[in-house]
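Here is the structure we will look at, set down as structure tokens.
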Amino acid sequence: MSGGRISTLKIAVGNIVHKRFRAVCIVLLIAVSTLLITGGTMLGFGLTGGVKSINARLGADAMVVPRSAGESYEGALLTGSPSTFYLTKGTVERVLQTEGIARSSPQLFISTFDSAHCASLVQIIGFDPKTDFVVTPWLKTASVTEPGYGEIVIGNNVQLVVGNKMTVFLLELEVVGKLDKTGMGFDNSVFVNMDTAKMLLTEYEKFDGATPLPEGATAEDVYSAVLLDVEKGVEISSVQRKINLGFRDDDVSCVASQTILESTAKNLNLVIGVLTVLLAAIWFFAVFVLAIIFTLALNERQREFGILRAIGATRRKLTAIVITEASLLCGAGALAGVGVVCLIVFPYSTLIERTLKTAYLPPQSLVAAAILVLCGVGCAVTGPLASLFSAARIAKNEALANIQEG
Amino acid sequence: MNQTKGRTLDIFLLLLGLATAIIPLTIYHLVETGGMGAMGGMAMDMECKSACEAETIVGAAITVIAAASLFIKKIKLKLASSLVLILGGVAAIITPRLVGLCTSDEMACRYITAPTVTVLGILIIVLAAAKLLSGVLILHRSALAE
């Protein structure tokens, strides 16, 4: 030994190096706990963000869609699973005569193909700017230009920028705007005006695998959905009932926005609740296991602490050695856990969104950074916290007692 | 770091290089031709085909360098190979983005292949950096001994 002062850090590092297997086990335990806690927290924030996003974007009281396409519509709305379905113009006109409807606007849903004829698999949503009261307000809020004929506004997941051209059914359409992330199906959608949508539907029908138009109908004769707002003082459910009962034979279904939101929110709140309990349980489990590990490890080392006391180490010094050791191990574990979370959560965020099959809006960078730091620190303090009791007990004993007990 | 640990790092790097070369071509089907929506039997390559081929070349280069460094004895050559492997890791990450992937995040090349090669690239960089650091330490120690 050089004869220099032995620092607390030096002793702690020496102990860790000397007991490598134990050190690796503790680091792994904390790394896995950090991974689960941080990953779970990110997931919880993403799901909550998704529900808020749906709440903000479902701008109509209800939607009329073909009954057979109810799930496709919800899929297109929440997860962006592209689909094509039709309502004939005649049916739409009759539905809109239902009492209690204040305003309405048709939309046309067309799915592109997962092939070279389309730049990517997206949901095309055609809206009528003259009657629309849902898409146009978002475009205005996001300062996005309303698309003209042959122009498109793209969702956030479409990897193009304003001014680019996008190939759709072998046609080149100009991107005039890009929407912010919504965490919903709209991120994988392309918005066009109704004239462009009709033209695209004509092109779509030329390809193998296209959903055929209703018998005798042309692209001009169909829509996919109609968004409705009911008159003031009228119950949405009463209009919904009238449409569902009155048009039972026309394969028409009226879905209230609140129903979609409530069912999604209810399910997600349940998931978030279970997730929170699980994460808390994981943290307490980690503290408990570490407390046992440190108690056993420090019991084995009573002799070592007795000798340290005999050669002049204060009680405070002994406590500091134990806590430094625990902090180093748990700090390394937390850092490794956060690193793995970064390698999974950020690169694979789209895969996570797809797998969840529900509205998922990942936390923004600042919030994500705060979650990483807080969860990392929370897991890193597990060790010092768990070792406090054992450290205090060891430090309390007299040197001779420690040597004898060891 | 002793010779066994250095060799272990080389073997890991070799496996990562192999994964980088093979994954884009096979497991995740980055290359898809024709498929649904073909018109008149016309089949065209997906936009990400070139990116996939370029990534395979980068992965193959990493594999060859890692394999070669298993047999290299001279420490300075080992250092140079580590440096090249770090650059290889960077290339594995940026190549698909530079060459161009499909337009939507909903395409498999964007949500599986690109993140996977990014993670592989990061691991290659970290392991190659560890190898470089151990080489520098060996050089430093031998210089002190002299």
Just to check your reading of the model, which residue among A:Ser7, A:Ser33, A:Ser68 is under 30 Å from A:Cys330 (Cα atoms), surrounded by fewer than 20 Cβ atoms within 10 Å (Cβ to Cβ) and out of contact with any Leu (no Cβ under 7 Å at 6 or more places or on another chain)?
A:Ser7
Tell me yes or no: at least one residue of region A:190-205 is more than 28 Å from A:Val161 (Cα to Cα) and assigned to a helix (DSSP H, G or I).
no
I need every pair where a residue in region A:146-170 that is more than 19 Å from A:Ser111 (Cβ to Cβ) and facing chain B (nearest Cβ under 10 Å) has its Cβ under 9 Å from the Cβ of a residue that is at pLDDT 85 or above and buried (at least 17 other Cβ atoms within 10 Å of the Cβ), sequence separation at least 6 or different chains.
A:Asn164/A:Ile154; A:Asn164/A:Val175
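Can you find, within region A:225-239, the residue that is surrounded by the fewest Cβ atoms within 10 Å (Cβ to Cβ) among those that are of a type outside the set (Gly, Ala, Ser) and assigned to a helix (DSSP H, G or I)?
A:Ile236
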Name the single residue that is nearest to the other protein chains (Cβ to nearest Cβ) among those in region B:89-111 being among the small types (Gly, Ala, Ser) and not in a loop (DSSP other than H, G, I, E, B).
B:Ser104
Name the single residue, out of those in region A:325-357 being buried (at least 21 other Cβ atoms within 10 Å of the Cβ) and more than 21 Å from A:Ala31 (Cα to Cα), that is farthest from the other protein chains (Cβ to nearest Cβ).
A:Glu353
Given the residues A:Thr145, A:Thr218, which is the only one that is in contact with a strand residue (DSSP E or B) (Cβ under 7 Å, 6 or more places away or on another chain) and farther than 27 Å from A:Pro347 by Cα?
A:Thr145
Looking across region A:190-210 at residues that are facing chain B (nearest Cβ under 10 Å) and in contact (Cβ under 8 Å) with a residue 40 or more places away in the chain, the single one that is nearest to A:Ile54 (Cα to Cα) is A:Val190
I'd like to check something: does region A:173-188 contain any residue that is in the same structural domain as A:Pro82 (by TED's automatic domain parsing), basic (Lys, Arg) and touching a residue at least 24 places away in the same chain (Cβ under 8 Å)?
yes
Do we find that A:Ile54 is modelled with pLDDT under 85 and either crowded, with 19+ Cβ neighbours inside 10 Å or assigned by TED's automatic domain parsing to the domain that holds A:Gly378 (or both) in this structure?
yes
Take A:Ala392 and decide whether it is closer than 23 Å to A:Val289 by Cα, in a helix (DSSP H, G or I) and assigned by TED's automatic domain parsing to the domain that holds A:Ile30.
yes
Would it be correct to say that A:Ala291 is surrounded by fewer than 19 Cβ atoms within 10 Å (Cβ to Cβ), aliphatic (A, V, I, L, M), within 30 Å of A:Val64 (Cα to Cα) and at pLDDT below 85?
no
Those residues that are buried (at least 22 other Cβ atoms within 10 Å of the Cβ) and more than 10 Å from A:Ala334 (Cβ to Cβ), I need them from region A:36-45; list them, please.
A:Met42
Answer with yes or no whether A:Val27 is of a type in the set (Val, Ile, Thr), modelled with pLDDT of 85 or more and closer than 30 Å to A:Pro106 by Cα.
no
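Working carefully through the options A:Val134, A:Val175, find the one that is modelled with pLDDT of 90 or more and not basic (Lys, Arg).
Values: A:Val134 fails: modelled with pLDDT of 90 or more.
Every option except A:Val175 fails the conditions.
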Residue check for A:Val176: under 20 Å from A:Leu108 (Cα atoms) and within 12 Å of chain B (Cβ to nearest Cβ)
no
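The values are calculated or read from the model by the stated rules, or taken from the named source; none is laboratory data. All values reported here derive from a predicted model rather than from experimental measurement. Cβ coordinates were reconstructed from backbone atoms using ideal geometry, including for glycine residues, and neighbour counts include every protein chain displayed.
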